[in-house]
1. Taking the Cα centroid of region 341-355 and of region 33-86, what is the distance between the two, rounded to the nearest whole Å?
2. Among 181-187, 274-280, what's the highest-first ranking by average C-beta atoms within 10 angstrom per residue?
3. Rounded, prolate or oblate, given the Cα gyration tensor of region 291-344, with a/c below 1.5 counting as rounded?
4. Enumerate the calculated ³J(HN,Hα) couplings along region 128-142 in order (Karplus 6.51 cos²θ - 1.76 cosθ + 1.60, θ = phi - 60°), each rounded to whole Hz, writing x wherever the residue is Gly or Pro.
5. Over the chain, how many percent of alpha carbon pairs lie in each 20 Å bin up to the one with the longest distance?
6. Could you give the size of the charge dipole of region 1-65 about its Cα centre, using +1 on the Cβ of each K and R and -1 on the Cβ of each D and E, expressed in debye and rounded to the nearest 20?
7. What is the Cα convex hull volume of region 1-107 when expressed per residue in Å³?
8. Residues with amide H under 5 Å of GLU187's amide H, sequence separation 5 or more or different chain, H placed in the peptide plane at 1.01 Å from N; which?
Amino acid sequence: MTVPEALDRALAELSRTEGGPETLALLVRDQDTRRMLLLRAVLDAAEAADPAHCPPAAKRRLREDWALLTAADRTTDGPHSPARTRLTYPFTGPWARRCLTALTTPEGARELPMELAYFSALAAAAAARAGLPFSTGLTARDGLLCLPSLGVLRTGRTGSAEIEVRHKNGRLTLRGRGASDVHVRLEQGVGAWSGAPAWTPAHALPGLLPGAAPVPLDDLDPYRTPPRDPGRFAFSGPSGPDHAERKRWLQAWSGTAQALRTGGEQRLTETIALLRCLVPLAPPPGSDGRGSSSGTRREAFGALLSTTPATPTALAATLVHEMQHTKLAALGELVELHRAGPEARYFAPWRPDPRPYDGLLHGTYAHLALAGHFQRTALAEPARREAAWAEHARYHAQVAAALPALVASPDLTPAGRRFVDGMAAAHERLSARPAPRGHTARAQAYVKAVRTLWAQRQPPTPPIPNR
């Protein structure tokens, strides 16, 4: 199949909020390729940097780390080598972007040593996973040395500290000045065990299905959450779950595969294909610990950030919602869907603030998938039928209110026109199995009330001056 044919099929499938194995694999390959190109850009920027900005010793160490990663990559053929897995892990994306900024801006020189230190730790972790013997020096930042996929060493000191790291036969020895050696034994897949109190292992949830890869529950990586934004809809801060909190994650996760499958086999398939890690978030500020939030990051493909889910049903709905953002963001890098600007002027029934066109497109797409998920759940599970119909009716009505603005936009490209028309057709097909009349009436009344309130809150349009 040619590239245009593959893209045509991807557009058709994804516009229905679906995506077969070939389409999902296309998105993953493209994102992994972009990540490798971004890393290449970091190496090139470092080599081109002025020695006063990136000293020769830093460039030499970066080359050594890359050589260690290359050696680790040779241990396993294909995209699942320890090195490739680490380089395509979601948070190497935010790291690479920050590193590029540090390498290419005058003010970045101060941050550059710590950004490069993370890459050294990443290379060491990949080499250990590959079983390569090595000895190297790493730098702890703010009292922490993170070895991605393995765990974190807490030095008990503020600021930076040099740590000697040795690996042989699946065992790491970490040695810091004035501290006892910490011995760490690597575990299969994710995590590494040590009896030392200074070591905190990385954790993972089991694969959604037997044979599926475990999913890291990443509460350690320093790049796992974006810098704090004072905006009302910004992510809440990262969470460091204790044993009880991790148990709640596991309890919700253990029933998620079935909850996803009830809403359609496609939802389980895309989650397994796209989800690479979960990041625990703290409850939103001012929620008394009971609020929830979730999100994805374009620069961290495959990561889902979420507060602790209350139930498998809630976690399944979060996954359905956020995997649509993941798919649409990846598709948007493969093909231009629209040329709309960033002006926030569109009504979205799920937000009190005006949205830019791209934000409206993303939100509508996710809500369309949720409408289908809850419709199938209502039809398949008598015990949850009424609650699922209520959810379906709400999402279906919200999408109906948002679609006209999307369809009418003159900023759509030909590919975007096909995509949005496909969304409208998918919404129409859902209408063939409507929710009971009471649920539908309540949902439509709710959307109407929200629209009225939203219109009242908008600033008045300035009068057109006489000429």
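The values are calculated or read from the model by the stated rules, or taken from the named source; none is laboratory data. Just so it is clear, the structure is predicted and the values come from calculations on it, not from any experiment. Here Cβ is always computed from backbone atoms with ideal geometry, including for glycine, and neighbour counts include all displayed protein chains. In case anyone asks, the SASA skips ligands and DNA or RNA and just uses the protein heavy atoms, side chains included. Shrake-Rupley method; radii C 1.70, N 1.55, O 1.52, S 1.80 Å.
1. Going from one Cα centre to the other spans 40 Å.
2. Top of the packing list down: 274-280, 181-187.
3. Taking the square roots of the gyration eigenvalues as a ≥ b ≥ c, region 291-344 is prolate.
4. 5, 4, 7, x, 7, x, 7, 9, 8, x, 10, 10, 7, 10, 6
5. Percent of Cα pairs in each bin: 22, 52, 23, 2, 0.
6. With Lys and Arg at +1 and Asp and Glu at -1, about 320 debye.
7. Cα convex hull per residue, to the nearest whole number: 133 Å³.
8. Those lying under 5 Å, H to H, from GLU187 are ALA192, TRP193.
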